[in-house]
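To start, the structure under review is shown below, and the notes come after it.
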Amino acid sequence: MAKVLIIEDDEVIARGMARHLEAAGFDTVGVANGESGLARLRYERPDVCVLDLMLPGIDGWRVIEQARDEGIGTPIVVVSARGTEHDRVHALEIGADDYLVKPFSMKELAARVRAAARRGVSAVDQRRGEELSVEELRLDPANVQAYVEGASAELTPTEFRLLYALALEQGRVLTRDELLQRVWGRRATHRDRTVDVFVRKLREKVDRRAPRHDFIHTRYGVGYKFEALPKA
């Protein structure tokens, strides 16, 4: 039975989520603040964490960042009333695995948690890969960072995972759906622009800084590929 940690300060919402997840076959434990949530993540390593962002003390953003900084790979499903594109993308960018906007269907929550449990602990796996060097770009999984002409590109962990996934398939076009599954562990939904947003960030941080080559290229209607091509 998969164990789900619920970090939610609204007691009514927390009880409702626990009741529905238990009915769906999960073992749940709940805490009401970020400090307790981090302690549970560190020492109990649940199979999935369901996390509200607006918490007393340490908020949900910091919980995600701290957990990922410590190498905790528990899948994190964010549940929040904050539903802007910026909030959703930022949460995914700093290490969340999924995002549900309140109010949401409890059946959908159970389905998302089940999918996260199937994926398992994988958020930090790609940090253990081999270093890659292509022209003036170096990818260093040990430090989860890319370097252009020796200078850090200042990538977030998710930006690095996307760039590394593309670089491992150098010269081959990867569809948006492939990239979503490899980096975020989920399938594409209608009008999901997550990959496009992150590719735009990578171009700003990598291609724009690289003096001699562009590395990330679009195959219109298909997806993206990594290849070192001389700048025009």
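The values are calculated or read from the model by the stated rules, or taken from the named source; none is laboratory data. Being a predicted model, the structure only gives us computed values, none of them experimental. Here the Cβ is made from the backbone with ideal geometry for all residues, glycine too, and neighbour counts use every protein chain on show. Side chains included, ligands, DNA and RNA excluded: accessible areas come from the protein's heavy atoms. Shrake-Rupley method; radii C 1.70, N 1.55, O 1.52, S 1.80 Å.
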| said: Given the criteria at pLDDT below 90 and under 14 Å from the mean Cα position of the chain (by Cα), does R68 qualify? | reply: yes
| request: Out of V48, V63, V29, report the one residue that is among the β-branched types (V, I, T) and closer than 18 Å to A81 by Cβ. | output: V63
| query | Can you name every residue in the stretch 203-223 that is more than 16 Å from E149 (Cβ to Cβ) and either among the hydrophobic types (A, V, I, L, M, F, W, C) or in contact with a helix residue (DSSP H, G or I) (Cβ under 6 Å, 6 or more places away or on another chain) (or both)? | reply | I216, V222, G223
| task | Identify all residues within the stretch 43-64 that are open to solvent by 60 Å² or more (accessible area, probe 1.4 Å) and in contact (Cβ under 8 Å) with a residue 24 or more places away in the chain; write none if there are none. | result | E44, R45, D47, M54, P56, G57, R62
| field | Residue count, the stretch 65-86 (criterion: in contact with a strand residue (DSSP E or B) (Cβ under 8 Å, 6 or more places away or on another chain) and open to solvent by 10 Å² or more (accessible area, probe 1.4 Å)) | value | 3
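Yes or no, residue by residue, for (1) modelled with pLDDT under 95; (2) under 23 Å from E159 (Cα atoms); (3) crowded, with 18+ Cβ neighbours inside 10 Å:
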| site | (1), (2), (3) |
| --- | --- |
| I6 | no, no, yes |
| M17 | no, no, yes |
| L21 | no, no, yes |
| L38 | yes, no, yes |
| D98 | yes, yes, yes |
| P103 | yes, no, no |
| R114 | yes, no, no |
| request: Out of the residues in the stretch 24-36 that are without any contact (Cβ under 8 Å) to a residue 60 or more places away in the chain and touching a helix residue (DSSP H, G or I) at 6+ places or on another chain (Cβ under 8 Å), state the one that is surrounded by the most Cβ atoms within 10 Å (Cβ to Cβ). | output: G34
| task | Identify the single condition in (1) within 19 Å of G120 (Cβ to Cβ); (2) crowded, with 16+ Cβ neighbours inside 10 Å that V89 does not satisfy, given that it satisfies every other one. | result | (1)
